[in-house]
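**Q** Here it is, the structure in full.
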Amino acid sequence: NYAHIIEELKAGIYDIAMSSVTINETRLKSLCFTEAYMSPRLAFVVREKMRKYFTTIESIQENSKIKIAVLKGSSFETVAKELFPNKELIYLNAYEDFHSHDDHVALLWEESEAVAWIICHRNYRL
């Protein structure tokens, strides 16, 4: 569970946390990070039938119905707040929670992980 990485590392439950561990303000205060070896691209996961509404950042910003979903505790929270300061943010405890939201919600995520997720969830696209 990403929300407990700091406590679990400090408790010695594991020695290293890696792969999709985002750097956020709270983690920076408590953990050491190596230099990033990848610069991932951001993407939106949306229901296939809604894809045309998410073609540009401007179109997303202008559409008053659109909401942005992010994984709680991830760096995507900060990115979403900066890119979309006037949008309602939806905080997910797990990516599987995204299914329960309506068509006007876009999930902000890292592209390669999002691609893997949509392979298993056929009604969604980038």
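The values are calculated or read from the model by the stated rules, or taken from the named source; none is laboratory data. On a predicted model such as this, the values are computed, not experimentally measured, just so you know. Neighbour counts run over all protein chains shown; Cβ positions are idealised from the backbone, glycine included. Accessible surface areas use protein heavy atoms only, side chains included; no ligands, DNA or RNA. Shrake-Rupley method; radii C 1.70, N 1.55, O 1.52, S 1.80 Å.
**Q** I want to confirm something. Restricting to the range 92-126 and keeping residues that are of a type in the set (Asp, Glu) and outside any helix (DSSP H, G or I), which single residue is least open to solvent (accessible area, probe 1.4 Å)?
**A** Glu110
**Q** State the number of residues belonging to the range 12-57 that are in contact with a strand residue (DSSP E or B) (Cβ under 7 Å, 6 or more places away or on another chain) and farther than 19 Å from His121 by Cβ.
**A** 1
**Q** List every residue pair whose Cβ atoms lie under 9 Å apart, where the two residues are 6 or more positions apart in sequence or sit on different chains, the first residue falls within the range 1-13 and is under 14 Å from Lys29 (Cα atoms) and open to solvent by 90 Å² or more (accessible area, probe 1.4 Å), and the second residue, located anywhere, is part of a helix (DSSP H, G or I) and at pLDDT below 90.
**A** Hits for this filter: Lys10/Ser30.
**Q** Also, I was wondering about something else. Can you tell me which residue in the range 14-40 is nearest to the chain's Cα centre (by Cα), limited to those that are exposed (fewer than 10 other Cβ atoms within 10 Å of the Cβ) and not in a loop (DSSP other than H, G, I, E, B)?
**A** Selected residue: Glu25.
**Q** Only one of these is modelled with pLDDT of 85 or more, of a type in the set (A, V, I, L, M) and outside any helix (DSSP H, G or I): Val79, Val70. Name it.
**A** Result: Val70 is the single residue among Val79, Val70 that is modelled with pLDDT of 85 or more, of a type in the set (A, V, I, L, M) and outside any helix (DSSP H, G or I).
**Q** Within the range 74-86, which residues are among the polar types (S, T, N, Q), under 18 Å from Glu25 (Cα atoms) and either buried (at least 19 other Cβ atoms within 10 Å of the Cβ) or free of Cβ contacts under 8 Å to residues at least 40 places away in the same chain (or both)?
**A** In the first step, residues of the range 74-86 are kept if they are among the polar types (S, T, N, Q); the result is 74-75, 78, 86.
Keeping just the survivors that are under 18 Å from Glu25 (Cα atoms) gives 74-75, 78.
Scanning the range 74-86 gives a single hit, Ser74.
**Q** Follow-up. Working carefully through the options Leu71, Leu89, find the one that is in contact with a helix residue (DSSP H, G or I) (Cβ under 7 Å, 6 or more places away or on another chain), in contact (Cβ under 8 Å) with a residue 60 or more places away in the chain and surrounded by 14 or more Cβ atoms within 10 Å (Cβ to Cβ).
**A** Every option except Leu71 fails the conditions.
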